[in-house]
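In what follows, a single structure is set out as structure tokens and then discussed.
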Amino acid sequence: MRLTTALFLTLFLTMSAATAQEADSSLTVDSTFIAPPDVTPVMVKNLSARDNPNDAGGSILIKWDLSVDDIEGGKVTHYQILRAETSEGEFEEVGEVPSGNSQFIDNRADRGREFYYKVAAVNQRKQEGKLLWQVRSESALSGPVKSTAQWFDMRRLNVFVGMIILCGLIIIYINRAKSGKPIFIRKIAGLDAVEEAVGRATEMGKKIFFIPGISDMDNVQTLAGITILGKVAQMAAEYETWIEVPVSRSLVMVAAKEIVKEAYVKAGRPDAFHEDQVHYLTDDQFGYAAAIDGMFIREKPATVFFLGNFYAESLILAETGNSIGAIQIAGTGQQTQLPFFVAACDYTLIGEELFAASAYLSREPKLLGSLKGQDMGKAIILLALLAGIILESFNIFQLSQFFSVIE
Amino acid sequence: MRREIPLLITAIVGIFFVLQYFIPHPPFNRLNGWFSDWFSIIGACAIWLGALNLIRISADKIYRKRSDWGFSVVIILSFLLIVVIGFKEGRDFRNPGSGFDWLYNFIYTPLSATMFALLAFFVASASYRAFRARNLEASLLLVAAFLVMLGRVPVGDAIGVSLGLPETNISKVAVWIMNTINTAGQRAILIGIALGVVSTSLRIILGIERSYLGSE
């Protein structure tokens, strides 16, 4: 009895499907529902499949013109993307996109293998999560296509050009500086105050604390910070003042120790260097802040430097330093932390000033040349900004599109 | 050679790191992951350098009875406690209900949260100093901050309405200050930072900036 019912139902559904659809359509229905007449969407046209550009291979970009039935309240609910390895092969679904979308990226296309694609415009009805009926029209075939890897990401061409211009300017000015041409660098109050800050600690007979932030050696701000440490430590060694560097990363500790040691040697006082001047506390952000706050309160240093990468601990540290009356010089590339440092410290190196500090303090021509090149890069950006404001305000040209960056 | 080899490694790795941004072709597309993995491995090994340094300095402080040596006792005991419990529990140390988990949830997290909570008080004291109307710039800062703070709470618009201003005007002013003036200032700083990063990176790759390497 059951077998007879199943056979009858299968026959009935097959006949209904054949009636409801065109030759190139198929029908999938629930056991009790059939598609009403005239619901089959018109298939998509102009299907194209090509290698997805600017990637490492492994993906195919499929594009098509929307079905004429893909309108609000129309006959298309979504599109199914079908793929086969031969033109006559069995096509399997590799993805779907909602109606209104006319492209899909197949990210599972093995590099170098040929594939064929079809897109099916699908109309279906669901009730309470259950599929009642589904009809679809498959497009013509597109292919063969295979994915390949590219040797240059063209979307990043603007970044590449910008980098070449900036690096070129920096190298030109480094060479100029090497040839002995004088280079004017504007005064940076925070860096001019370094000597005064070290001198103050000497006069008061108190310690200097240098905090290089909570990031590791892979952060350029940490590198900029510990580069300044060398200059500060040398001054401290010359003035015979104790400088202490509590760090939150083991690799920073190793690097900072070498730098401070070298500074003492340069100052002619290698005997005054003590291994414990640079010491590790903890990797934990607030544990580090608590430990340093404790040292500030107990030891009351005369001078504190915060130079590196800081996050939420910046104000906890700087306010504690402020409360004990220490002269504080801070610098970070974290723009969200800059206001805190400005509010709590005596001097703040804002943005690029942190990266300029090494050159500014050393006055080495090659380093100063790179600063000048960097400033010229900034001048070019300012001109581009000005031109962009004028062109876009008068709707002449969308200059900003040249500056969009793909992550 | 002690300087040349690190400089050479820095230059090669730096150049490859730049190239991998522009070249999606293998093996360049995997370089970022490889370098990150290597950095993590080196960092993980180096953590012992830091831990041993901490223990050595703390033990020395206790041995010599230096000032505040009691804190060093707390450091060593805390360190040993978490290490011993962590090792004892092996791979299951993160499981809920483990000793390590208890220490993490009931000791570490509250202590960390307490430090973070202090920020509220520090923000208040720093704001008090920063917003004192000593000159024109500080006065502008005070007015802007006052409007932003007022615009971020419902009572701001209520005050605006009571003063006869159309509803939501104060919050709109706050949004305008943040989106227009504040964003413009932040982007200016960001451009400077980006240029500084490029310049510093180039100096390091070219070997002009060497002071981070320490001794000769």
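Bear in mind that the values in this text are calculations on the coordinates, not laboratory data. Quick caveat: nothing in here was measured; it's all calculated off a predicted structure. Ideal geometry is used to build each Cβ from the backbone, glycine not excepted, and the neighbour counts take in all protein chains shown.
Which listed residue (A:GLN234, B:PRO26, B:LEU49) has the Cα farthest towards the positive end of the charge dipole for the protein assembly as shown, taking +1 on Lys and Arg C-beta and -1 on Asp and Glu C-beta about the Cα centre?
So the residue furthest toward the plus end is A:GLN234.
Across peptide A:331-342, how many C-beta atoms of other chains are within 10 Å of each residue C-beta, on average?
3
Once amide H atoms are built 1.01 Å from N in the peptide plane, which residues 5 or more positions from A:GLU96, or in another chain, come under 5 Å H to H?
Distant-sequence amide H within range of A:GLU96: A:ILE81.
Of all DSSP beta bridges in the protein assembly as shown, what percent run antiparallel (nearest 5)?
So the antiparallel bridges in the protein assembly as shown amount to around 65 percent.
Structure shown: which of A:LYS187/B:LYS172; A:LYS45/A:LYS130; A:LYS206/A:LYS372; A:LYS207/A:LYS378; A:LYS181/A:LYS231; A:LYS261/A:LYS300 lie over 32 Å apart, alpha-carbon to alpha-carbon?
Going by Cα-Cα distance, A:LYS187/B:LYS172; A:LYS206/A:LYS372; A:LYS207/A:LYS378 fall outside the 32 Å limit.
What are the membrane-span-like helices in chain A by this rule: whole DSSP H runs, Cα extent along the axis at least 20 Å, mean Kyte-Doolittle hydropathy at least 0.0?
A:2-20, A:157-178, A:189-204, A:220-238, A:250-266, A:285-299, A:365-393
Given labels modelled 7 Å from the Cα in the Cβ direction, how far is it in nm from A:GLU240 to A:LYS63?
7.7 nm
Say R0 is 22 Å: what FRET efficiency, to the nearest 0.05, do B:ASP68 and A:ASP276 get from their beta-carbon distance?
0.90
Taking the Cα centre as origin and putting +1 on Lys and Arg beta-carbons and -1 on Asp and Glu beta-carbons, what dipole magnitude results for the range B:1-74, to the nearest 20 debye?
Magnitude of the dipole: close to 380 debye.
Can you pull the three principal axis extents for the Cα set of the range A:183-363, in Å, largest first?
41, 39, 33
Between A:PHE394 and A:SER323, what's the calculated FRET efficiency when r is the beta-carbon distance and R0 is 35 Å? Round to 0.05.
Calculated transfer efficiency: 0.10.
Which angle between 0 and 90 degrees, to the nearest 10, do you get for helix B:183-206 versus the longest principal axis of chain B when only C-alpha atoms count?
20 degrees
Near A:ARG200, within a Cβ-to-Cβ distance under 15 Å, what is the net charge of the other residues, with Lys and Arg +1 and Asp and Glu -1?
-4
What residue among A:TYR264, A:HIS78, A:PHE397 has its Cα farthest toward the positive end of the dipole of the protein assembly as shown, where the charges are +1 on Lys, Arg and -1 on Asp, Glu, each on the Cβ?
Looking along the dipole axis, the top candidate is A:TYR264.
Any idea what Rg and Dmax come out to for the range B:56-196 if you just take the C-alpha atoms, in Å?
25.2, 72
What chymotrypsin sites (Phe, Trp or Tyr not before Pro) does the range A:114-152 have in DSSP loop regions with at most 11 other beta carbons within 10 Å?
In loop regions of the range A:114-152 (DSSP not H, G, I, E or B), the sparsely surrounded chymotrypsin sites (Phe, Trp or Tyr not before Pro) are A:TRP151.
In peptide A:55-68, what is the residue-averaged number of other protein chain Cβ atoms found within 10 Å of each Cβ?
1
Relative to the Cα centre, what is the charge dipole magnitude of the range A:183-363, using +1 at the beta carbon of each Lys and Arg, -1 at the beta carbon of each Asp and Glu, and rounding to the nearest 20 debye?
340 debye
How do A:233-243, A:85-95 rank on mean C-beta neighbours within 10 Å, highest first?
Final packing ranking: A:233-243, A:85-95.
Rounded to the nearest 0.05, what FRET efficiency do A:GLN401 and A:LYS45 have when you use their Cβ-Cβ distance and R0 = 35 Å?
About 0.70, to the nearest 0.05.
So, counting K/R as plus one and D/E as minus one, what does the shell of residues with Cβ under 13 Å around A:ALA149 add up to?
With Lys, Arg at +1 and Asp, Glu at -1, the net is -1.
Treating only the Cβ atoms of Lys and Arg (+1) and Asp and Glu (-1) as charged, compute the dipole magnitude of the range B:131-216 about its Cα centre; round to the nearest 20 debye.
80 debye
Grab the DSSP H runs of chain A that are 4 residues or longer, score each as -39,500 (n - 2.57), total them, divide by all residues and round the 222 nm result to the nearest 500 deg cm²/dmol.
-13500 deg cm²/dmol
Taking loop as defined by DSSP and a crowding limit of 16 other beta carbons within 10 Å, which chymotrypsin sites (Phe, Trp or Tyr not before Pro) in the range A:303-407 fit?
A:TYR311, A:PHE394, A:PHE397
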